[in-house]
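K.L.:
Following this message is one structure expressed as structure tokens.
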Amino acid sequence: MRRRFTVVATVLACLAAGAAVADGTPDRDGGGLRLETLSGPARYVSGGAARLRVVVPRQVPLEAVTVAVGGVDVTDDFVADDQASHALEGVVRDLPAGASTVTAAVSRRARASLRLVNHPASGPMFSGPQQPDFFCSTPAHLAGFDLAGPFLDDDCSLDTRAGHYYRTTANTWQPYDPAAPRPSDMSTTPSGVDFVIRWERGTINRFVYTIAVLDPGATGPATLPHWNRKLIYYFGGGVGVGHYQGSNNQSESRYVYGLGAGYAIAWSTGTKTSTHYNLVLGGETAMMVKSRFVTEYGDPVYTVGLGGSGGGIQQYVYGQNHKGLIDGAVPQYSYPDMVTQTIHVGDCELLERWMDQKALADPASKWRQWSNRPQLEGLAASDTVANPYAQLTPWLATPGSSECINGWRGLSPLALNPKFGTAPGITPEQQAAVEWTHWNDAVNVYGRDPDTGYARSAWDNIGVQYGLKALVDGNLTPGEFLDLNADVGGWKQPQDAVQEGCPFVTQACPSDVDVWSVRNVNAPDANGVRPRTEGDVDAMRAAYRSGLVFDGRVDIPIIDWRHYLDAELDMHNARQSFASRQRMIDGKGNAANQVVWFTDARPARAFDQTPMALSVMDEWLTNLRAHPSRGVVGNKPAAAVDSCFGTDGTLLYRGRDAWRGILDLGPAGACTQRFPIGGTSRTIAGGPFDEQHFKCALQPVDTAIARGVYGSWRPSEAEKSRLAQIFPTGVCDYRRPDVGRAGPPPRN
């Protein structure tokens, strides 16, 4: 849908014909004059330009309307709007920093005004002070954009460049000269058009952005007859902790299928989570990049989000936080958000260390059989999948591995250890001067601890009873349960952290092996209990308030698609689609606007369902534009329903009951049976399915025993005493809300 930002437009006088004065909302009789921003919210204009629409009463000729900015007439920059029934559209440029007033008038008695607030193209708009230790892209990474610099200032700004490139029959991109003969290796799009694109590159909000669109005639943005008037914003994935401008991903920034189908593609290193995971900054960057697109290329019929992993997270989070940024979402391999993933991912190495130590000490240990490890971790494990760290842990002679290892190893130090991270091309001195954590990357959200000066961290495991479900189910003895929870420990506070060893720091290999980062785990106390880690409640509440936590309040069409990768021990485990769904149910009462599709990837990822998802999304958004009164759910196409597909992409099952038994107590649906869903260390510990729980409320050990939390186990006095030593402040009571919970996030 083509969403409009109209609420700040105010009609200041009525028409002589007697129409009522409007208050910033459309006049039902068409009698009101009004101004709309098409390129984004009026208070968040950037780069000195914005695309506007003047909606004119039907009885007033368009040529009777004048438009001015700050008293300067700009009427000549407005023309009849071919996307509206009776309106003008144009771009206002050279806006000064700060506020400007745009006025549309028919006469002295009929006026509408709009207050625009302009911000520099280098940012920020609302994300707060910019990171001081920010490093520009290396020459090698700039070359990935066909750029060579030089940087214009300390913000890593680059001149904006646009060139034409053609897709060869060998599936590569080559520069295209429209004055030269047609290249012999030129490919064509599925519609038979020469596959030539205009590729614009520059910097916005300090990050490199790109805009690509079909332009075989090399006519430029003013005339693009082969653009289908639809925009894909491609959000990039990966895991990064900031301080770097970023690198290109050609398969995203020049998405071949989308370009060939006629879509324009917007992309930025600042909306790529391998660059950073500050999604306040990322949302701001996405708004600025889209504003650039709409201002220079025109208002698309709709904008659909696309992207996997962190790219999927961004669609959920920005769909929640920034209404109108995207009209539909196709998140792939998604999670609800990043920050709540750290909760259980931070447990991985703590649990792996305990199980590995047991396997090392006892050749008959059950933990030598990898398929037993989900009893503590919840995540998938396999007795056959290769362990990439096997040479560093030779005592684990049996083959196999776990998702904690294959999918997540190294990410706890990346998110939590201020000494571990780095950026391409920097010196050891520069590396040592930066606090490399997710919390510091988004310090404008989390704040700093006034005592230590380090960014506040939300990671917490106070009172968490690891392996509780395994104990209740009889898969863990009381002695093992006590030993596990006494020894599992927590992570050191940032001021106490030290640099990692091998394999995370290559210079430490091969001698200084520490796959578990045990050097940064709290040491045992006099009772042989490793203390847990207490997170900062202010940081947790800030995560909620800022919208870094996906709270489920999103109402756009969503087709959540993934290959089923649990058998590969891939980090993109299948349960995450339903964690998002549960949050939507909790946040707004239903998840009817979300569709979940899985495609089998056993034995290999052989089919890409994305083109089908884009086709169904196109039908959905087209329906919604034609019949807005029916709403998102009422405009669903027949194919927009929960489904699962075979390895070759053929439909296995489609229906509302496809995933029954995951979030309800009904019998397993057809797709549920074929694609089993795992848990996490925190669900094994009794936490909620959707993982939205930074810090549990506590209950005394005696209360937990009286409530039957431990199943059939009735602890002896000695065991009660040990529980009290392990959990001196009590154990988790997941019946109560997250202690770190705050109010709903603001929306921009």
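K.L.:
Need the full-extension length gain, Arg161 to His627, defined as separation in residues times 0.36 nm minus the C-alpha distance. One decimal, nm.
P.N.:
Working: separation 466, 0.36 × 466 = 167.76 nm, distance 4.00 nm.
So the extension gain works out to 163.8 nm.
K.L.:
Right, something else. How many angstrom lie between the Cα centre of region 670-699 and the Cα centre of region 157-207?
P.N.:
46
K.L.:
What's the tally of Lys pairs in the chain whose alpha-carbon atoms lie under 22 angstrom apart, where the two lysines are 8 or more places apart or on different chains?
P.N.:
Summing the qualifying lysine pairs gives 17.
K.L.:
Right, next: Return one quarter of the surface area of the convex hull spanned by the alpha-carbon atoms of the chain, equal to its mean projected area, in nm².
P.N.:
35.1
K.L.:
Evaluate region 110-236: find the radius of gyration of its Cα atoms, find its Kirkwood radius, and give the ratio Rg to Rh.
P.N.:
In region 110-236, Rg relative to Rh is 1.06.
K.L.:
Roughly how many whole Å is it from the C-alpha centroid of region 208-260 to that of region 444-505?
P.N.:
Their Cα centres are 41 Å away from one another.
K.L.:
Can you give me the long-range amide H partners of Leu652? Hydrogens built in the peptide plane at 1.01 Å from N, cutoff under 5 Å, separation of 5 or more residues or another chain.
P.N.:
Amide H neighbours of Leu652, under 5 Å, 5+ apart: Cys644, Phe645, Gly646.
K.L.:
Taking amide H atoms as placed 1.01 Å from N in the peptide plane, list the residues 5 or more away in sequence, or in a different chain, whose amide H sits under 5 Å from that of Gly421.
P.N.:
It is Trp436, by chain and number.
K.L.:
Across region 273-285, in residue order, what do the Karplus-derived ³J(HN,Hα) couplings come to in whole Hz, using 6.51 cos²θ - 1.76 cosθ + 1.60 with θ = phi - 60° and x for Gly and Pro?
P.N.:
Karplus-based 3J(HN,Hα) across region 273-285 equals 6, 6, 7, 7, 10, 8, 7, 6, 4, x, x, 4, 4 Hz.
K.L.:
Using the Kirkwood radius over Cα pairs, work out the Stokes-Einstein diffusion coefficient for region 624-742 at 37 °C and 0.692 mPa s, in µm²/s as a whole number. Before the final figure, lay out each step's value.
P.N.:
Values: Rh = 18.5 Å.
The calculation lands on 177 µm²/s.
K.L.:
Further question: Taking the Cα-to-Cβ direction at Gln391 and at Ala361 and moving 7 Å from each Cα, how far apart do the two end points lie in nm?
P.N.:
Here the answer is 3.0 nm between the modelled labels.
K.L.:
Using a 1.4 angstrom probe and counting only protein chains, how large is the accessible area of Phe145 in Å², to 10?
P.N.:
0
K.L.:
Ignoring ligands, DNA and RNA, what percent of the 1.4 Å accessible area of region 187-334 is carbon and sulfur?
P.N.:
That share works out to 52 percent.
K.L.:
Given 0.36 nm per residue, what is the gain on full extension from Arg605 to Phe126 after removing their alpha carbon distance, in nm?
P.N.:
Result: 168.4 nm gained on full extension.
K.L.:
Quick one: Karplus J couplings for region 663-670, per residue in order, coefficients 6.51, -1.76, 1.60, θ = phi - 60°, nearest Hz, x for Gly and Pro?
P.N.:
Result, ordered by residue: 10, 9, 9, x, x, 4, x, 4 Hz.
K.L.:
Oh, and also: In region 698-723, whose amide N lies under 12 Å from the spot 7 Å out along Cα-to-Cβ of Asn475? List them in ranges.
P.N.:
In region 698-723, the label zone of Asn475 (backbone N under 12 Å from the point 7 Å along Cα→Cβ) covers no residue.
K.L.:
Let me know the shape class of region 676-748, please: from the alpha-carbon gyration tensor, a ≥ b ≥ c as square roots of the eigenvalues, rounded when a/c is under 1.5, otherwise prolate if a/b is greater than b/c, or oblate.
P.N.:
prolate
K.L.:
Let me ask you something else. Please list, in chain and number order, the residues 5+ apart from Thr398 or on another chain whose amide H is under 5 Å from its amide H, with Hs placed from the backbone.
P.N.:
none
K.L.:
Place a +1 charge on the Cβ of each Lys and Arg in region 100-207 and a -1 charge on the Cβ of each Asp and Glu, then give the dipole magnitude about the Cα centre in debye, rounded to the nearest 20.
P.N.:
860
K.L.:
As an exercise, find the ratio Rg/Rh for region 38-150 from alpha-carbon atoms, using the Kirkwood inverse-distance average for Rh.
P.N.:
Checking Rg against Rh, the ratio lands at 1.14.
K.L.:
With a 1.4 Å probe and every protein chain left in place, work out the accessible area per residue of region 600-670 in Å², rounded to a whole number.
P.N.:
About 51 Å² of surface per residue is accessible.
K.L.:
Turning to a different aspect of this structure: Considering only protein heavy atoms, what is the solvent-accessible area of Asp600 at a probe of 1.4 Å, reported in Å² to the nearest 10?
P.N.:
The value for Asp600 is about 10 Å².
K.L.:
Can you give the calculated 222 nm mean residue ellipticity of the chain, where each DSSP H run of n ≥ 4 adds -39,500 (n - 2.57) and the sum is split over every residue, rounded to the nearest 500 deg cm²/dmol?
P.N.:
Working: 23 runs with 177 residues, N = 748.
Counting only the DSSP helices, I get -6000 deg cm²/dmol.
K.L.:
Calculated FRET efficiency, Asp451 and Met186, Cβ-Cβ r, R0 60 Å, to nearest 0.05?
P.N.:
That gives a FRET efficiency of 0.40.
K.L.:
Please work out the Cα center distance from region 604-628 to region 288-343, rounded to the nearest Å.
P.N.:
After rounding, the separation between the Cα centres reads 16 Å.
K.L.:
Test of understanding: what is the full-extension gain from Ala99 to Asp177, defined as 0.36 nm times their sequence separation minus their Cα-Cα distance?
P.N.:
23.9 nm
K.L.:
For region 166-305, what is one quarter of the convex hull surface built on the Cα atoms, given in nm²?
P.N.:
For the Cα atoms of region 166-305, the hull's average projected area reads 8.3 nm².
K.L.:
Still on this structure: Give me a comma-separated list of calculated 3J(HN,Hα) values for region 475-489, in order, Karplus coefficients 6.51, -1.76, 1.60 applied at θ = phi - 60°, integers in Hz, x for any Gly or Pro.
P.N.:
Each residue's phi maps through the Karplus curve to give 8, 9, 6, x, x, 5, 4, 5, 5, 4, 6, 6, 9, 5, x Hz.
K.L.:
Express the accessible area of region 42-104 per residue in Å², computed with a 1.4 Å probe while the remaining protein chains stay in the model. Numbers along the way, then the final one.
P.N.:
Details: 2930 Å² over 63 residues.
Using a 1.4 Å probe on heavy atoms only, each residue of region 42-104 averages 46 Å².
The values are calculated or read from the model by the stated rules, or taken from the named source; none is laboratory data. Note that the structure is predicted; figures quoted are calculated from it, not measured. Cβ atoms come from the backbone with ideal geometry, glycine included; neighbour counts cover every protein chain shown. To get the accessible areas, we keep the full protein, side chains included, count just its heavy atoms, and leave off ligands, DNA and RNA. Shrake-Rupley method; radii C 1.70, N 1.55, O 1.52, S 1.80 Å.
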